[in-house]
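Only one structure is covered here, and it is reproduced in the block below.
The values are calculated or read from the model by the stated rules, or taken from the named source; none is laboratory data. All values derive from a computational prediction rather than experimental measurement. With ideal geometry, Cβ positions are generated from the backbone for all residues, glycine too; neighbour counts draw on all protein chains shown.
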Amino acid sequence: MTGRLHTDALTVLRTWSPPDAAQDRLREEYVDHLLREPAGLSRDCRPDHLTAGALIVSADRRHVLLTLHAKAQAWFHLGGHCEPGDSTLAGSALREAAEESGM
């Protein structure tokens, strides 16, 4: 992973305003994880690593695009692992959404 991606992830997490205390605690856990683990965005970081996701909503906000996760056999928003060429979380999420949806 690039240093830029790691820096971007920390910036995104540090500047996000959570809606409640539980989400703020989770945000803090993610920040702490990235501070402890320089490779915390890599799928090779075990047992935990962060991923990037995108929620695709129709213009009228009546529909969302989901994908059936093969291993979990459950429907999820689009997203997945960050790749070495990714430089931002948003870019990683967009790449994953394009790959998984074919759009």
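Within the set Thr11, Thr7, Thr67, the sole residue that is closer than 26 Å to Gly102 by Cβ and hydroxyl-bearing (Ser, Thr, Tyr) turns out to be Thr67. Only residues that are among the acidic types (Asp, Glu) and within 18 Å of Val12 (Cα to Cα) were counted across the stretch 40-90, and they come to 2. Across the stretch 57-73, the number of residues qualifying as assigned to a strand (DSSP E or B) and surrounded by 10 or more Cβ atoms within 10 Å (Cβ to Cβ) comes to 5. What single numbered condition from (1) at pLDDT below 95; (2) in contact with a strand residue (DSSP E or B) (Cβ under 6 Å, 6 or more places away or on another chain) fails to hold for Asp48? (2) is the only condition that Asp48 fails. Being of a type in the set (Val, Ile, Thr) and surrounded by fewer than 16 Cβ atoms within 10 Å (Cβ to Cβ) holds for only one residue in Thr88, Thr11, and it is Thr11.
Please work out if Pro38 is outside any helix (DSSP H, G or I), farther than 20 Å from Leu78 by Cα and touching a helix residue (DSSP H, G or I) at 6+ places or on another chain (Cβ under 6 Å). Taking the combined requirement at face value, the residue does not satisfy it. Quick check on the stretch 1-16. Is at least one of its residues without any contact (Cβ under 8 Å) to a residue 60 or more places away in the chain, assigned to a helix (DSSP H, G or I) and hydrophobic (A, V, I, L, M, F, W, C)? Yes, the stretch 1-16 has at least one match. Could you list, in sequence order, the residues of the stretch 17-35 that are out of contact with any His (no Cβ under 9 Å at 6 or more places or on another chain), assigned to a helix (DSSP H, G or I) and not β-branched (Val, Ile, Thr)? Across the stretch 17-35, the qualifying residues are Ala21, Ala22, Gln23, Asp24, Arg25, Leu26, Arg27, Glu28, Glu29, Tyr30, Asp32, Leu35. Taking every residue in the stretch 63-83 that is over 11 Å from Thr51 (Cβ atoms) and among the charged types (D, E, K, R) and pairing it with any residue that is at pLDDT below 95 and surrounded by fewer than 13 Cβ atoms within 10 Å (Cβ to Cβ), at least 6 positions away or on another chain, yields no pair with a Cβ-Cβ distance below 7 Å.
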